[in-house]
Amino acid sequence: MSNKMIIGYACLALAASCWGGMYVVGKFVMDYLPPFLVLWLRYLVAFILLFIISFVIKQQRITKKDIPFMAFLGFVGYFLSNGGAFVGTALSSSQLGALIASTPPIFTVILASFVLKERLTKNNVCALCLAMVGVTLVVAVDSGGYHGQLFGVLALIFGALAWAFYIVYVKKGSYSPLVLTTYGTGFGIVFTTPAMIWQFNDKDIIYLLDVTVWLAILYLGLAATAVAFLLWNQGMQHVNAGAGSMFTFFNVLVGGVLGWIFLGETLSWQFFGGSILIFVAIVISLYSENVKSSTKLFEHKGEYDEKF
């Protein structure tokens, strides 16, 4: 396994861990503020930081022909994905939301095989099946309590599919992770603004004066957006889209542990059993990726030997 791949996997694991903490912090702050206002403030805080960093280091600017691509990333990866997750969770439950929010790897592997021409292997399919069983155990969803919430489920699936599109298409970008994240966040603000205005209430101003609420928003904006998306975009530049998407499952694991620490939620045997299955699935996926990389290196070496 190359150093770039190791760095890529480390970035993806850290990014997913930041998003895992987002579930706990988001659950707290959305008890006071509506979802799209929280999402808008999250992106605003992140964009300010990213813009300052880009200005200081004089990061490259995008060309006019790439503006539609950046707008697409902002619309799909920032607005549709997170908007679907927020609306779906509000209309169903946090457990069901956590389960469906962990399904993008399924869509990603399929999309990557068509868009990026990545080969769908038996190891990929095996890893996905193990991971989904593991996630189901972790969140321990009881389907009997969710009748009549079809719209919420559809919104969650829509958000998961949008995130899969983002994972695949972000690999087609030729810009640095900082540029991709900055412009993606900026367009995320643009697309989220109408929904934020629609949900805004005069009473929200009272909670916006609360220091604790702002500390939560700062975490969502700095750690769960600016840092997390930078790490994710950086990691995805070094690994296969299908294998990289497997790290999305870290969200549920980290969120479960942090919920146990800060919210007093219990960790059952299902959580530990599911965690083991998820880790096994990730190991299988990484092993498959390493084998493919080694095979390509061997093939290139053979081509080199034939020339000389």
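The values are calculated or read from the model by the stated rules, or taken from the named source; none is laboratory data. Keep in mind that what you see is a predicted model, and the values were worked out from it rather than measured. When we count neighbours, we look across all protein chains shown, and the Cβ atoms used for this are built from the backbone with ideal geometry, even at glycine.
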Problem - helices (runs of 4 or more DSSP H) (entirely within the range 1-81) containing at least 1 residues that are within 23 Å of LEU161 (Cβ to Cβ) and at pLDDT below 90 - result: 3-29, 35-56
Handout entry: All positions within the range 115-154 that are of a type in the set (Ser, Thr, Tyr), modelled with pLDDT of 65 or more and exposed (fewer than 13 other Cβ atoms within 10 Å of the Cβ)
Key = none
Exercise for the section: For residues that are modelled with pLDDT of 75 or more and surrounded by fewer than 23 Cβ atoms within 10 Å (Cβ to Cβ), scanning just the range 242-259, find the one that is farthest from CYS126 (Cα to Cα). Expected result: LEU258
Completion exercise
Counting only residues that are modelled with pLDDT under 75 and within 13 Å of the chain's Cα centre (by Cα), the range 82-106 contains a total of 7
Fill in the blank from the handout: Of the candidates ILE53, ILE6, the one satisfying the condition of being surrounded by fewer than 19 Cβ atoms within 10 Å (Cβ to Cβ), free of Cβ contacts under 8 Å to residues at least 12 places away in the same chain and within 20 Å of ASN233 (Cα to Cα) is ILE6
